[in-house]
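The values are calculated or read from the model by the stated rules, or taken from the named source; none is laboratory data. Quick caveat, the model's predicted, so the values are computed rather than measured. Virtual Cβ from ideal backbone geometry, glycine too; neighbours counted across all protein chains shown.
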Amino acid sequence: MRTKRALKILMGIGAMLVASSALAHHSRAMFDSSKQVTLVGTVKEFQWTNPHCWIQVLVPDPDHPEAAPVEWGVEMGAPVELMRKGWKPGSLNPGDKVTIVINPLRDGQHGGLVVSVTGPDGKILGRPAEVKK
């Protein structure tokens with residue numbers, strides 16, 4: 001009887017440890033959710049991968065149009081989460097002109113978490129209700 005109880009306690013502790021590491025993995029602390037940045041550029045690559053999808057977008061510097069565009073890495077959710085929001089593996093293609101609203105990285109590097117994407121057809125994918133004006 002004691003063995004069964006001890007086993008249940010150990011299993012409970014193990015389950016809590018696994019759950020806490022899963023929550024830590026999905027932390028969004030690196031992104032500044034109080035800010036939004038709008039990127040207008042060209043899709044370099046759309047990565048439909050687990051655990052998170054990514055958009056690599058080339059954004060020209062408006063102050064230096066002669067300079068090479070800057071590559072931004074935009075993190076998204078998991079493919080299953082994106083499918084529920086209307087995304088498909090072919091939603092974006094290299095060369096597509098897009099407008100992407102992101103919560104930027106806190107450290108100022110060229111990256112962020114997607115809020116919404118306006119594709120080349122003008123259709124908004126993402127969480128457009130959360131876009132701050």
- Sort out which residues of the range 57-89 are over 11 Å from the mean Cα position of the chain (by Cα) and assigned to a strand (DSSP E or B), and write them in order of number. VAL57, LEU58, VAL59, VAL70, GLU71, TRP72
- Task: Check the range 32-39 and report whether any residue there is at pLDDT 90 or above, hydroxyl-bearing (Ser, Thr, Tyr) and touching a Pro at 6+ places or on another chain (Cβ under 8 Å).
- Result: no
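I need the full set of residues from the range 90-116 which are among the small types (Gly, Ala, Ser) and assigned to a loop (DSSP other than H, G, I, E, B), in order please. Show your work before the answer.
Taking the range 90-116 as the starting set, the residues that turn out to be among the small types (Gly, Ala, Ser) are 90-91, 95, 108, 111-112, 116.
Matches in the range 90-116: GLY90, SER91, GLY95, GLY108.
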- Extreme residue, surrounded by the most Cβ atoms within 10 Å (Cβ to Cβ), among residues of the range 110-129 that are of a type in the set (A, V, I, L, M, F, W, C) and under 13 Å from VAL43 (Cβ atoms): VAL117
- Here the residues within the range 43-56 that are in contact (Cβ under 8 Å) with a residue 12 or more places away in the chain and assigned to a strand (DSSP E or B) are VAL43, LYS44, GLU45, PHE46, TRP54, ILE55, GLN56
- Pull up the range 90-109, narrow it to residues that are modelled with pLDDT of 95 or more and surrounded by fewer than 19 Cβ atoms within 10 Å (Cβ to Cβ), then point me to the one that is nearest to the chain's Cα centre (by Cα). LEU105
- Message: Looking at TRP87 and the list (1) buried (at least 18 other Cβ atoms within 10 Å of the Cβ); (2) out of contact with any Leu (no Cβ under 7 Å at 6 or more places or on another chain); (3) at pLDDT below 95, which single condition is not satisfied?
- Response: (2)
- Name the pairs whose Cβ atoms lie under 8 Å apart, with the first residue in the range 77-91 and in contact (Cβ under 8 Å) with a residue 40 or more places away in the chain and under 23 Å from SER27 (Cβ atoms), the second of a type in the set (Lys, Arg) and surrounded by 12 or more Cβ atoms within 10 Å (Cβ to Cβ), and 6 or more positions between them or separate chains? LYS85/ARG127
